[in-house]
Every structure is written in C-alpha cells, then in structure tokens.
1. Against the condition more than 14 Å from ligand 2 (Cβ to nearest atom), under 30 Å from P14 (Cβ atoms) and buried (at least 19 other Cβ atoms within 10 Å of the Cβ), how does A117 come out, does it pass?
2. Of all residues in the range 168-193, how many are in a helix (DSSP H, G or I), buried (at least 20 other Cβ atoms within 10 Å of the Cβ) and either more than 16 Å from ligand 1 (Cβ to nearest atom) or not hydrophobic (A, V, I, L, M, F, W, C) (or both)?
3. Going by the conditions given, is A100 among the small types (G, A, S) and in contact with a helix residue (DSSP H, G or I) (Cβ under 9 Å, 6 or more places away or on another chain)?
4. Give the residue that is surrounded by the fewest Cβ atoms within 10 Å (Cβ to Cβ), with candidates limited to residues of the range 141-167 that are within 20 Å of L225 (Cα to Cα) and not β-branched (V, I, T).
5. Please list, ordered by first then second residue, the pairs with beta carbon atoms under 6 Å, 6 or more apart or interchain, first in the range 176-205 and among the small types (G, A, S), second within 12 Å of ligand 1 (Cβ to nearest atom).
6. Tell me whether the range 81-94 contains one or more residues that are within 12 Å of ligand 2 (Cβ to nearest atom), under 16 Å from V114 (Cα atoms), modelled with pLDDT under 95 and of a type outside the set (A, V, I, L, M, F, W, C).
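The values are calculated or read from the model by the stated rules, or taken from the named source; none is laboratory data. Owing to the predicted nature of the structure, the values given are computational and were not obtained by experimental measurement. Cβ: placed from backbone, ideal geometry, glycine included. Neighbour counts: every protein chain shown.
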Amino acid sequence: MMSDSPSNPAPKVPRGLLIVMTGASGVGKGTLREQWLKDQDVFYSTSWTTREPREGEVNGREYVFVTPEEFLTKASQNGFLEHAQFVGNHYGTPIEPIEAALERGQDVVLEIEVEGAMQVKERMGEEAVLVFIMPPSLTELRRRLTGRATETPDRIEKRLTRATDEIREAHRFRYVVVNDDLDRAVREMRAVQQAERAAQKRREDWTPEDYAATEAVQRVHSRNLSAAELEKVVSS
Ligand SMILES: Nc1ncnc2c1ncn2[C@@H]1O[C@H](COP(=O)(O)OP(=O)(O)OP(=O)(O)O)[C@@H](O)[C@H]1O
Ligand SMILES: Nc1nc2c(ncn2[C@@H]2O[C@H](COP(=O)(O)O)[C@@H](O)[C@H]2O)c(=O)[nH]1
C-alpha cells in the first residue's frame, strides 16, 4: 500500500455541500428537513438564539440558548457565518463547525430565515445551495403556525407580516420548493442534493440517478417563478 508523503499526498476529499433551507416561519422547514435527512450523515448546524426555549426544547439540541450579551460578544468576534434579528430576537449560525464539516467532505444543512440566507449567499457565493421553502398560501401558513401552538396570537401576526416580505424575496434563491405535499417536497430536496453533487463531478462519472436528479431540479429552479406567482401566494 502507498503511504502518504509530500511527494505522494492523500487524495483531497471534495468539499461537502452547503445547503441552506430558508423561508417563512411555520412553512415546515424543520419538518421537511427531518424527513429528508433521516437516513443521512449530514451536519445540521445548531444555531444560537436569544429567544426563550419552548416547552420540550433542550439547550444545545434545538438551539444554543444565550443572553443578548453572549450573542453580541460572539458576533463582535466574527463567530457567526450569518446572524439576523427575527421578531425581537437574535439568531445566528456559528461558523467554525461548518467550515470543519465542509473541509472533511460532509454536507452541511442550515435552516434559517431569509435575511441570514442572503448573508450566506453574499459571503459564500455559488458554493451556497440556497433553497426557498414556499407555503401553498398565506392562509395555510397561518393555519400551520396556529396549529403548532408555540406562539401567542400577537407573535403569529408578526411572523406572518415578516413572511409576506420573505416570500417576495423567493426569486433570489437558486431553488424554490413548495411544501404542500410533504413527500413530494422531500423528494425535491433529495433531487437538489443529488444534482448539486453531480455538478461537482465529471460528466463521464455521472450515474443514471445523477441525470434524473439534474432533470428533476429544472422544475424547482427559481427562474421558473414569476412575480405574479409570488403575489398570488401572499394574497391567498
Ligand atoms: N406539508 C405539510 N402539510 C401540512 N402541515 C405541515 C407540512 N409541513 C409542515 N407542517 C406543519 O406545519 C407546522 C410548522 O412546521 P415547522 O415547525 O416544521 O415549520 P418551520 O418552518 O421549521 O418553522 P420555524 O421557522 O418557526 O422553525 C408544524 O405543525 C408541521 O407539522
Ligand atoms: N438568520 C438565522 N435564522 C435562524 C437561525 N436559526 C433559526 N432561524 C430562523 O428563525 C426563525 C424563527 O425561529 P423559531 O425557532 O423562533 O421559530 C425561523 O425562520 C428559523 O428558521 C439562524 O441561525 N440564523
């Protein structure tokens, strides 16, 4: 067996994919992510937040729950890949574990709001695979947020107001997956991941699945989306 040496270095592992799921609160990002990633060894980034834990949430699992002072200290030390305020609280993605995972070839998934996703796009450029998760309508989004029963009526209204602005930004992201039928949305997320991996390979190494995924993602490319369609979602 050949050993690693300066003249014979170990082959470099391709970097993992950085996949960013974004979209309105309550659209189903978390639900979709759990289904999509259940059989995969992907690095899911645990965010920091200053909001209060909900019943059942565990520090270090759903979020790292911190004080505003702790959050701002980390931000001032450039400890976040991105961070944003969302309806009165700070949320941010710690940068170090992400870089480490990408370097060792592991795919990384972020689940964040739209302002943070735009920061990732700015900072990471084409490397970031940005997927906007779209609700079938604002009425259905309200139903989901109300049904989840984690927010007061006042906070639901604030999240819905923010959602209207967020949905109007959907065309800025590479893909738009509509989360009406959860199983179809999961299949589309799998296709995005496979197509993006295929794009890193030489064409002659593509499998039939790579070709199929690359064709399938054409249907969820954001260039298919018109401004009129976005307005239809926010007014329905
Ligand atoms: N395709 C779907 N059809 C019907 N209900 C759904 C669907 N996807 C998710 N839901 C429901 O919508 C609610 C909100 O889902 P979830 O908490 O996953 O949203 P989220 O986008 O992660 O929210 P947040 O951004 O606030 O964390 C949950 O009660 C979930 O069961
Ligand atoms: N910009 C960021 N947004 C984040 C991050 N972690 C979560 N989020 C998003 O915030 C809202 C509200 O979340 P909730 O848990 O209070 O319902 C939602 O859209 C999350 O996706 C982050 O690190 N950065």
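1. When the stated conditions are applied, A117 does not pass them.
2. 4
3. Against the criterion (among the small types (G, A, S) and in contact with a helix residue (DSSP H, G or I) (Cβ under 9 Å, 6 or more places away or on another chain)), A100 does not qualify.
4. Taking the candidates together, the pick is D165.
5. Every condition considered, the pairs that remain are A185/L32; A185/V177; A185/N179.
6. The answer is yes; a qualifying residue exists.
For every residue, the table says whether it meets (1) within 30 Å of A199 (Cα to Cα); (2) free of Cβ contacts under 8 Å to residues at least 12 places away in the same chain.
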residue: E122; (1), (2): yes, yes
residue: G125; (1), (2): yes, yes
residue: L130; (1), (2): yes, no
residue: E140; (1), (2): no, no
residue: E151; (1), (2): no, yes
residue: E157; (1), (2): no, yes
residue: A170; (1), (2): yes, no
